[in-house]
Amino acid sequence: MDMEFENITVERDGFVAVATLNRPKQLNALSYGLCKDLCEALEELDGDDSVRVFVITGGERVFAAGADINEMVEATPFAGRAHERLAFRDRINHLSKPVIAAVSGFALGGGCELAMSCDIIIASESAVFGQPEVNLGTIPGSGGTQRLTRLVGKHKAMELVLTGRFMDAAEAARCGLVNKVVPVEVLLDETKAMARTIAGKPPIAIRFAKEAILKAANTPLDDGLAFERKSFTTLFASEDRKEGMQAFLDKRKPEFKGK
């Protein structure tokens, strides 16, 4: 059954759940309510075994044009809601299941940060990325300096953040920000196709693989290797590991059950 929220829509397609930002008049500006709806929906589905992969999109016209400035213009450094808003992207990043961003049109400021908090980004040819917060007298506050630097390198991140300029999908692909660029009209189909491919893999192994890759981005190599080895050996206790290897030997398609 579809879930109902004020600022997003959520639909299920087999093992894939698609969350669509739904504030079209505001160009999907990331209001507190939208971010809250998105996180609560995905966190609830993160515990649902009938969902294995998430897709976040904003439609063909715009992904998210940035934060809702109307909510921020009078903000103070100590406002509790302001701190909670900044943490929303971390909550997306900490979901146990893979999250794919399907980006078309503007993904600016908080919108770019939301895309970067996902595990994979597929962009349409119309996608435009940027961290223009400096133009408003501030800096990115939800990962725009940290995740962007890790994805594209120090010099490119410096250029984008300090000038506030935008970059198109082709440049984003060249510098490693996005995985793939496709025509606008097939963006969601291509994203769902990748999501279905991942959803067809053993869910426990997918979760462990995601955890290990995220660990690699935040720990020294020796610690990451130790975590990887522990995860690798732990998976030998899973039924899906036994099924996958036996299916390989039997030359048949495996039937993974998430156990």
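The values are calculated or read from the model by the stated rules, or taken from the named source; none is laboratory data. Since the structure is predicted, the reported quantities are computational estimates derived from the model, not experimental observations. Backbone-built Cβ (ideal geometry, glycine too); neighbour counts: all protein chains shown. Just the protein is used for accessible areas: all its heavy atoms, side chains included, with ligands, DNA and RNA removed. Shrake-Rupley method; radii C 1.70, N 1.55, O 1.52, S 1.80 Å.
Worth a mention:
- Checked against (1) closer than 18 Å to residue 213 by Cβ; (2) part of a helix (DSSP H, G or I); (3) in contact (Cβ under 8 Å) with a residue 12 or more places away in the chain; (4) not small (Gly, Ala, Ser), residue 97 passes all but a single condition, namely (2).
- Only listed residue being within 18 Å of residue 105 (Cβ to Cβ) and under 17 Å from the mean Cα position of the chain (by Cα), chosen from 211, 190, 171: 190
Condition check ((1) crowded, with 16+ Cβ neighbours inside 10 Å; (2) at pLDDT 90 or above; (3) at positive phi) across all residues:
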site	(1), (2), (3)
3	yes, no, no
11	no, yes, no
50	no, yes, no
53	yes, yes, no
70	no, no, no
102	yes, yes, no
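- In the range 72-100, the residues that are among the aliphatic types (A, V, I, L, M) and either open to solvent by 20 Å² or more (accessible area, probe 1.4 Å) or modelled with pLDDT under 85 (or both): 72, 73, 75, 79, 82, 86, 87
- Where a residue in the range 247-259 is within 16 Å of residue 236 (Cα to Cα) and its partner, wherever it lies, is surrounded by fewer than 14 Cβ atoms within 10 Å (Cβ to Cβ) and modelled with pLDDT of 90 or more, with Cβ under 7 Å and at least six apart: 247/253; 257/239; 258/49; 259/239
- So residue 15, is it open to solvent by 40 Å² or more (accessible area, probe 1.4 Å) and within 19 Å of residue 199 (Cα to Cα): yes
- Unique residue being among the aliphatic types (A, V, I, L, M), out of contact with any strand residue (DSSP E or B) (no Cβ under 6 Å at 6 or more places or on another chain) and in a helix (DSSP H, G or I) when the list is 212, 195: 212
- Of the helices (runs of 4 or more DSSP H) lying entirely inside the range 124-174, those containing at least 3 residues that are more than 23 Å from residue 60 (Cα to Cα) and open to solvent by 70 Å² or more (accessible area, probe 1.4 Å) span 146-152, 154-163.
- For residue 226: the one exception among (1) surrounded by 17 or more Cβ atoms within 10 Å (Cβ to Cβ); (2) modelled with pLDDT of 95 or more; (3) of a type outside the set (D, E, K, R); (4) over 18 Å from residue 98 (Cα atoms): (1)
- Reported count of residues in the range 1-56, each being within 14 Å of the chain's Cα centre (by Cα), in a strand (DSSP E or B) and not β-branched (Val, Ile, Thr), is 4.
- Picking from residues in the range 229-240 that are open to solvent by 60 Å² or more (accessible area, probe 1.4 Å) and charged (D, E, K, R), the one that is nearest to residue 199 (Cα to Cα) is 239.
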